[in-house]
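*Asks:* Before we start, here is the structure in question, set down as structure tokens.
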Amino acid sequence: MTNDGRGDVEPDQPLEPAGAAGEAPETETEIGNEEIETEADIETETEPAPDAEEPRRSAGAALLRGLTGVLVVGLTVGVAYGADLLEPEATTAAPATTVELVPATTPVVCAGPTQLVATDAEGDPAFDPSPVGTTSLVTGAVLPPTKVADPVLRTLDEATVEAPVAAGAGGAVLGAAVASGTALWSVPAADGTVHTAATASSATAAGDLRGLAATACQSPAIDHWLVAGSTEVGSSTRLVVQNPSRTPATVEVEVYGPAGRVDLAGPAVLPVPAGGTTTTLLEGVAAGQRRVAVHVRASGALVTSYLQVSALDGVRPLGVDLVGAGAEPSTRQVLAGVVTPATAVGTDGPVVRLLAPERAATARLAIYGPSGRVLLPGADDAVLEAGAVTDVSLAGLPAGAYDVLVEADAPVVAAATTSTAGTDGSDVATVVSQDPATTAAQSAAALPQGTRATVVLGAVPGSVDSVPGALVAGLDATTPPVAPEGASAAAGVRAQVVALDRAGAVVYDQVVELAAGTTRALPLAATVPGASVAAVVVREVDAAGTPAAGAATRLVWSVRLSADAQDGTVDGLVAALGPSPLRSAGTQITLREGLRSGLD
């Protein structure tokens, strides 16, 4: 490997993907006394996992078996990782006690490598859709207070992936080449908290999938909102649902387009086998949608989901990305780290995508840059029809890193997409929404080897009216947006930024101050020269350096990744990476005395 002197280690040769593990089992699975038979159809591919001789049981299931004469009636998620569904034998009311079950290990689930859309059509042999290989990696960091000694990377069907772990004072770091979706398992702290950040990335220098695609690995959940993609001719949007548990899941898929919710040409309810993956090409079931947003709702087991989006203009690649779930519908959404080159009004600049899934809404937008709030005519508000996906153009912004605050009078979901031109094509980066209430306390991002990273920090005010703004220079507007009279600058924030190298050692630890409504970019190659940074941890602190809480202005951040070649032969490969917050691995359940658990 070679060091470019800018803080990142470049592999001398691309890493070869690891081999696929496991064989497909039968498609019948028992749940209790019932059998569920799954059927593959034309639009949907299901990749089940092999049966194991000794199913792994979670700590939660073991505890429940030890609670004689107890009925679980309030299990929020319905199933713990690896546990069977609970079938109570009685429902008589009894005194209740709420307890928290903490599993022995807990996963974050990582997207698989980018894949070409299969086609039977014969094309011009001079235009190979995949002339070079794709380097697909999973990079992980296990951070205190999580126990850092025993992180394990596995495929979804539990085959161990060779991933050497380097543990240092700052945490444990690992990475591996992968050929499928994986899960990084770690041991929660004694209080049930866990802080594991991992990233799945795929880099391709040429061909239809030219670009850098990256997304943070996710904790399994019931509800997912994926805001990206298109199914028009030349575009592809692939929905992938992953199930890391030993219980089969069923997911209901809703697709929204410019005219509202789409009537799918295929099944809307899909099986996801235990330890397996289900894939659907949305252009096969919801064709002709220029703008897409997807809602995935699971039952039976917790799952993760993501979109692989890509586009072509003839034979010229327009970019590829892996897009994970953003924040759930809310009247307030925050998009951190929208990095864009200079664009002119009326061109294909960055866009903010909005959806009000339940009822019509009016959304107000505030854009914050390095010098404060930016007023961009036509981008200050948007009228949203219920269920209709709307794009708000940010074309006209000067080059820089921006945050976008969205406030609406009804719950909305949001994301932002930017495009970066290169010599042989362009690439896209998708910024998913984040919840500052969780990311500000402590959050982290793992950085793939072979990429260069810029940390983008922001101080988002409590309201779009909190900070006055200035009109973008050079723009003429008959009635430009203005901040309300009396608006005054809100208090700023302090961000403690910690960087870990690939040995787990702390190589940077500084506090950065930001005024309300501003952003600041920290290129790690210049900030930590000579170090190969594997992970970044960010937390909001007060003047004394202790965790800050309750402030109206909140810290937000993300990472801008680039995989351009040092010799300039490949350029314009970019991705946006959101932070993974410190979280609780426990599940709260309600226990009632005097009733059987149904586990004997």
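The values are calculated or read from the model by the stated rules, or taken from the named source; none is laboratory data. As the structure is a computational prediction, the values presented were derived from the model and not from experiment. FYI the Cβ positions are ideal-geometry reconstructions off the backbone, even for glycines, and counts take in every protein chain you see.
*Asks:* Please verify whether R452 is in contact with a helix residue (DSSP H, G or I) (Cβ under 8 Å, 6 or more places away or on another chain), crowded, with 19+ Cβ neighbours inside 10 Å and at pLDDT 95 or above, treating the condition exactly as stated.
*Replies:* Yes: the conditions hold for R452.
*Asks:* Here's a follow-up. Could you tell me which of the residues A198, A177 is in contact with a Cys (Cβ under 7 Å, 6 or more places away or on another chain) and closer than 23 Å to V559 by Cα?
*Replies:* Criteria check complete, one pass: A198.
*Asks:* Could you check segment 279-306 and list, in sequence order, the residues that are closer than 20 Å to T417 by Cβ, in a strand (DSSP E or B) and not hydrophobic (A, V, I, L, M, F, W, C)?
*Replies:* Scanning segment 279-306 gives H295, S305, Y306.
*Asks:* Does segment 496-508 include one or more residues that are at pLDDT below 95 and part of a strand (DSSP E or B)? Give the steps one after another, and end with the answer.
*Replies:* Let us first name the residues in segment 496-508 that are at pLDDT below 95, namely none.
No - not one qualifying residue is present in segment 496-508.
*Asks:* Hey, does segment 168-178 have a residue that's within 15 Å of the chain's Cα centre (by Cα) and surrounded by 18 or more Cβ atoms within 10 Å (Cβ to Cβ)?
*Replies:* So far as segment 168-178 goes, no, none of its residues is within 15 Å of the chain's Cα centre (by Cα) and surrounded by 18 or more Cβ atoms within 10 Å (Cβ to Cβ).
*Asks:* Here is a check on your reading of the model: is T430 under 30 Å from A200 (Cα atoms) and of a type outside the set (A, V, I, L, M)?
*Replies:* When the stated conditions are applied, T430 passes them.
*Asks:* Tell me whether segment 341-352 contains one or more residues that are part of a strand (DSSP E or B), within 20 Å of V559 (Cα to Cα) and either touching a residue at least 40 places away in the same chain (Cβ under 8 Å) or acidic (D, E) (or both). Steps first, answer last, please.
*Replies:* First, pick out the residues of segment 341-352 that are part of a strand (DSSP E or B): 351-352.
In the following step, the residues that additionally are within 20 Å of V559 (Cα to Cα) were identified as 351-352.
Still in the list and also either touching a residue at least 40 places away in the same chain (Cβ under 8 Å) or acidic (D, E) (or both): 351-352.
Checked segment 341-352: at least one residue is part of a strand (DSSP E or B), within 20 Å of V559 (Cα to Cα) and either touching a residue at least 40 places away in the same chain (Cβ under 8 Å) or acidic (D, E) (or both).
*Asks:* Looking at L270, is it under 22 Å from L156 (Cα atoms), more than 18 Å from the chain's Cα centre (by Cα) and not charged (D, E, K, R)?
*Replies:* Judged against the criteria, L270 is a match.
*Asks:* Tally up the residues in segment 327-358 that are crowded, with 20+ Cβ neighbours inside 10 Å and of a type in the set (K, R), please.
*Replies:* Within segment 327-358, residues that are crowded, with 20+ Cβ neighbours inside 10 Å and of a type in the set (K, R) number 1.
*Asks:* Just to be sure before I move on: is A416 modelled with pLDDT of 95 or more, closer than 28 Å to V570 by Cβ and either within 25 Å of the chain's Cα centre (by Cα) or surrounded by 24 or more Cβ atoms within 10 Å (Cβ to Cβ) (or both) in the structure I sent?
*Replies:* The answer is yes for A416.
*Asks:* Taking the condition touching a Leu at 6+ places or on another chain (Cβ under 8 Å), modelled with pLDDT under 95, hydroxyl-bearing (S, T, Y) and on the phi < 0 side of the Ramachandran plot, does T343 pass?
*Replies:* yes
*Asks:* Would segment 190-200 turn up any residue that is in contact with a Phe, Trp or Tyr (Cβ under 8 Å, 6 or more places away or on another chain), of a type in the set (S, T, Y), crowded, with 24+ Cβ neighbours inside 10 Å and at pLDDT 95 or above?
*Replies:* No, every residue in segment 190-200 fails to be in contact with a Phe, Trp or Tyr (Cβ under 8 Å, 6 or more places away or on another chain), of a type in the set (S, T, Y), crowded, with 24+ Cβ neighbours inside 10 Å and at pLDDT 95 or above.
*Asks:* Would you check if there is a residue in segment 461-477 being assigned to a strand (DSSP E or B), at pLDDT below 95 and surrounded by fewer than 20 Cβ atoms within 10 Å (Cβ to Cβ)?
*Replies:* Step one: filter segment 461-477 for residues assigned to a strand (DSSP E or B), giving 469-471.
Now drop any that are not at pLDDT below 95, which leaves 469-471.
Narrowing the set further to residues that are surrounded by fewer than 20 Cβ atoms within 10 Å (Cβ to Cβ) leaves 470-471.
The answer is yes, given that some residue of segment 461-477 is assigned to a strand (DSSP E or B), at pLDDT below 95 and surrounded by fewer than 20 Cβ atoms within 10 Å (Cβ to Cβ).
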